[in-house]
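Have a look at the structure below, then the notes.
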Amino acid sequence: MSHRRTSTLTTDDDVLAELGIKPELNRRIGAFGNFAISFSVICILAGGMSLFGFGMRTGGPVVMLGTWVGIGFFTLLVGLSLADVVSAYPTSGGPYFMAEKLGGARWGWVTGWLNFLGLLGAIAGIDYGAAAFAGAFAQMQWGVTPTTGTTMLLFGVILLVHGLLNSAGVRLVTVLNSISVWWQLIGVAVIVGALTLAPAEHQSPTFVFMHFHNATGFSSPLYVVLVGALLAGYTFCGYDASAHVAEETTNAQVSAPKGIVRSIWVSWVAGFVLIAGMLFAVQDYAATLNTATGVPPAQIFLDVLGASGAKALLLVVIVAMLFCGNAEVAACSRMVYAFSRSRALPGWQSWRLVNERTKTPTRAVWLSVVVPFLLALPALWSPAAYAAITAINAVGMIPAYGAPVLLALKKGRHYQPGPWSLGRWRRPIAIVAVTYVVVITVVFCLPQSQPINATTFNYAGVTLLAALLLAWGTWVTRGKKAYQLTAGARTAQPGEARMTESESF
């Protein structure tokens, strides 16, 4: 096992220089901050709550908890394998940079486009979900019935705030992510504690750990279990954020991989506690599923704690979602910056610029909030169209995680690890991880309910195919000529305007 970088290089910038990258970003994130961004993006209070009703329909309690344990375990294996490669290539590009280094330019290009589109879909899904939960809160607080128009307006405001916060610099983003960690952990404790201690009836352990509920229209229990696994499958996404801020992290070759692994196992444990606590508190299963709020967790809060308690807990969830979306914008903007540095995106000359005052890729930040808003606009006319766009989140990101793991596996003894390494466990863990990535990607594309029509159709497979075709088409038309993995920092030419503080917003 090689440790060439730990023995010959002394600083993080030396590592980047060896990889052909000129350091431009502000290296202000420590080990905890690196963990915090991935933990914030996974955000069990966002994924677990947004998809809680989905889980109740597709298998119910036994599937929700059982698949949380299983999917969490396999996600941890993927995270371990990806962390090993991140240690060797700690750059803002994340999976695409690793894939290109290990497998060549086409691998990097396709992986990059999948990761890029997945990140955009994630921002759209997270912040639109936060807007929907805010609408449920408004209904309980002021009796305002949420509409697609008001939800879209809230969504736009949330994206605007996230753009402003991320433009202020990495120090503020890191502080917010650190607060997010404690907000989520304390929030889970508060939610579960309040629901458990409230003077209301609670479900039996038999119900919580054994009850099966199938409202999918499919008769096969095994098929329902596969589809129901997506509650956890969709939630356990985004841990590549630790890689995307590696160029802003101190001791990145160790801190970034540790951040990935730690964010997964902490989310795994806390998420199990949250889901179990919510299930014990269910009062009326059918009424919870068909709640007028449109948000089953809100109905559970109402049934157990009344209006005041429900609103308080719903605010805890909404704030966690806002933290989550803000962290995802940070991760996406760094990926946009790095991908543009490699000349992969149209208009790359603009998106790869770094603000001289904040040392932040400000233009990449705004691209990362404007595009998700445009992607979500079809929700004004068709929920199915919006679902098709946001489905790229998981089916884009999970394969992007698997690509560098697969390529490192194919390298065998020629693969040179960084200082954080799985050692002799790398190969067996990577084999299981890659197999899981293939299986879960297929599961993401399965029909989730029937009868199948334009509204119930699962567009994940369509969006994955569209993403692959887009990657292939852009590679043929411009990628072969334009793509430069380590194009490095571009020096302004005479007569060109340099980016100033006034351009940061």
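Let me have the relative contact order for segment 291-429, percent, based on Cα pairs under 8 Å that are six or more residues apart.
The normalised contact order for segment 291-429 reaches 11 percent.
Work out which helices of the chain, taken as complete DSSP H runs, extend at least 30 Å along their axis over the Cα atoms and score a mean Kyte-Doolittle of 0.0 or more, then list them.
61-88, 105-142, 170-197, 252-280, 296-341
Below 8 Å between Cα atoms, with a sequence gap of 6+, how large is the relative contact order for segment 79-188 in percent?
In percent, rounded to a whole number, it is 13.
Considering only Val245, Val266, Leu160, whose Cα is most displaced toward the positive end of the charge dipole of the chain, charges sitting on Cβ of Lys, Arg (+1) and Asp, Glu (-1)?
Val245
Mind jotting down the distance between the C-alpha centroids of segment 425-468 and segment 19-76, whole Å?
So the two Cα centres are separated by 17 Å.
With a 4.7 Å Cβ cut-off, tell me which Cys residues in the chain come up empty for a partner.
Cys237, Cys332, Cys445
Which entries of Lys410/Lys480; Lys359/Lys410; Lys22/Lys410; Lys359/Lys481; Lys101/Lys481; Lys101/Lys258 show an alpha-carbon separation above 27 angstrom in the structure shown?
Violating the 27 Å Cα-Cα cut-off are Lys359/Lys410; Lys22/Lys410; Lys359/Lys481.
Using Cα pairs under 8 angstrom and six or more residues apart, how large is the relative contact order of the chain, in percent?
Numbers: 908 pairs, mean separation 164.1, N = 505.
Rounded, it is 32 percent for the chain.
Can you put Glu247, Glu24 in order of Cβ neighbours within 10 angstrom, beginning with the fewest?
Glu24, Glu247
Local charge sum around Leu407 (other residues, Cβ-Cβ under 10 Å, Lys/Arg +1, Asp/Glu -1)? Let's see the in-between values first.
Details: positive: Lys101, Lys410, Lys411; negative: Glu100.
Result for the local shell: +2.
Cα centroid distance between segment 113-172 and segment 175-231, in Å?
Segment 113-172 and segment 175-231 have Cα centres separated by 23 Å.
Taking the Cβ of each residue in His162, His211, His414, His244 as the centre, tally the other Cβ atoms inside 10 Å and list the residues starting with the fewest. Could the numbers behind the result be given before it?
On the way: His162 26, His211 18, His414 9, His244 29.
Sorted ascending by nearby Cβ count, the order is His414, His211, His162, His244.
Size of the dipole of segment 30-486 about the Cα centre, Lys and Arg at +1 and Asp and Glu at -1 on the beta carbon, nothing else charged, in debye to 20?
On the way: 23 positive and 11 negative charges, 355 e Å.
Dipole magnitude for segment 30-486 comes out near 1700 debye.
Among Ser263, Ser242, which comes first, second and so on when ranked by fewest other beta-carbon atoms within 10 Å?
In increasing order of surrounding Cβ atoms, one gets Ser263, Ser242.
Hey, if you put +1 on the Cβ of every Lys and Arg and -1 on every Asp and Glu Cβ in the chain, which of Ala467, Thr206, Pro383 ends up farthest toward the positive end of that dipole?
Selected residue: Ala467.
What 222 nm value per residue comes from the helices of the chain, counting each DSSP H run with n ≥ 4 as -39,500 (n - 2.57) and dividing by all residues, nearest 500 deg cm²/dmol?
Roughly -22500 deg cm²/dmol at 222 nm, from the helical runs in the chain.
Rounded, prolate or oblate: which one fits segment 96-233, using the alpha carbon gyration tensor with axes a ≥ b ≥ c (rounded when a/c is under 1.5, else prolate when a/b beats b/c, else oblate)?
The shape class here is oblate.
Every number in this text was worked out from the coordinates using simple rules, so none of it is lab data. On a predicted model such as this, the values are computed, not experimentally measured, just so you know. No Cβ is skipped: glycine too gets one built from the backbone with ideal geometry, and neighbour counts run over all protein chains shown.
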